[in-house]
Each structure stands twice: as structure tokens, then as C-alpha cells.
Amino acid sequence: PAAKKQVNINLVVRDELEESFSGQILSWALTYGRYIIIITQIIVLSVFFLRFKLDRDNTDLKEAVSQKQALVESISDLENDIRRIQGRLTNIKQITFQQLAIPKVLRFLQDYSPQNIVYSTVAISSEKISFNATAENLRSFNFLLRQLQRDKKFSEVTLEDIVRQGSGRIEFKIAAKINIKEFI
């Protein structure tokens, strides 16, 4: 049988192709350029499909925000009602203090004050008591001051003014913070 011969015809001379600048560019384009084009196409297609995903995520987020905004708006009336009720509760607390604690503070002063102490002014607020008084002697003044300092119903007891009269009497002014929880 006759053997078939293969004939290869190369129209571009290999040596000239590698030596010229245009030949080097053509050689590079035929080997590495196609990989760069394929990678670029993959990146472009990935970005194209990612765009659809990001658009969908954006739409979902907008819907979620509008739902939550509607929920917040529906709760705003409830929040206003709660704030109004809290204001009323504060007023009730002050009235309760005045009705329950003030008589108890006065009862404390009556029970723990020695017989010879005379009060000239007593001012009681929801947080503080202050009073001016006169004691016959230093022992009575000292007893009252210690009772106020020891009792948990009062804190931050301060002696604001003290004057000893020529007759031996002691005029003084005391202020203290009221611990409301201890009275109610």
C-alpha cells in the first residue's frame, strides 16, 4: 500500500515572526491573549449576574424597611399612651408620697425629738426635709441629730446653721435627704 505523506505548509517564517515587534505581539496574542479574553468574559458575566442578585437584595431590603416603618408608625400611638400614663404615674407617686410619707416624716420628728426642742419651720418636699428648731441644751440637739443620722429613712443629713444663745439655748437648721422607700 501506498504510504500517505503529510505535508505541512507554513506561510510565515518562524524566525522572522519571533524577531519582529509585530510578530512578538501576534505570538503573545495567540498564546496569552486568549486566556485574558476568557478571564475578562468570565468577570463580565459574573458582574452581570451579581447585578441581578444585588438588585433583588436591594428590593428585599426596601420592602423590609417599609414593613418595619409601618410597624413603628402603628406603635407610635401606643408609645404616646405609655408616655401619658407614665406622667400620670409620676403625679400619683407624688400625691402618694404627700399622703403617706409626709405624715410619717412628721411622726418620726415627733417620736424622736426630745421634749425641749421647738420647731419654728419645717419644709418637706418629695426628696428633702429641712427645719429650723431651738433646743434647750446641747444634749437635746445632739440626740436629735444622731437619730436623724442613724435612721435609714434619712441620708445626707447636714447641719446648715447653729447658734448658741446667751441663755444657753441652741438654734439650728438641719437638712436631710428623704429615702422615700423607707417611709412607704
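Quick note: the coordinates plus some simple rules give every number you see, no bench work behind them. Because the structure is a prediction, the values reported are computed rather than measured. Cβ: placed from backbone, ideal geometry, glycine included. Neighbour counts: every protein chain shown.
A few remarks follow.
- Computed from the C-beta positions of residue 118 and residue 93 and an R0 of 41 Å, the FRET efficiency is 0.80 to the nearest 0.05.
- At R0 = 30 Å, FRET efficiency that the Cβ-Cβ distance of residue 9 and residue 38 yields, to 0.05: 0.50
- Hz values of 3J(HN,Hα) by residue in the stretch 92-106 - Karplus curve (6.51, -1.76, 1.60), Gly and Pro given as x: 5, 4, 5, 5, 4, 4, 5, 7, 9, 7, 4, x, 5, 5, 5
- Stokes-Einstein diffusion coefficient of the stretch 46-124, Kirkwood radius over Cα pairs, 25 °C, 0.890 mPa s, in µm²/s: 130 µm²/s
- Counting every C-alpha pair in the stretch 106-184, the share spaced more than 15 angstrom apart comes to 52%.
- Pairwise FRET efficiency - residue 86 versus residue 65, Cβ, R0 = 30 Å, nearest 0.05: 0.55
- Semi-axes of the equivalent ellipsoid for the stretch 1-156, computed as √(5λ) from the eigenvalues of its C-alpha gyration tensor and ordered from largest down, come to 103, 26, 12 Å.
- Karplus-derived 3J(HN,Hα), 6.51/-1.76/1.60, for each residue of the stretch 113-127, Hz, glycine and proline x: 8, x, 4, 8, 9, 10, 8, 9, 9, 9, 10, 10, 10, 5, 10
- A full extension of the chain between residue 161 and residue 100 corresponds to an added length of 19.0 nm, given 0.36 nm per residue minus the alpha carbon distance.
- Highest-fluctuation residue, 170, 39, 75 considered, GNM on the chain with Cα pairs under 10 Å: 39
- Exceedance of the 18 Å cut-off in Cα-Cα distance is limited, within the set 104/153; 104/181; 104/173, to 104/173.
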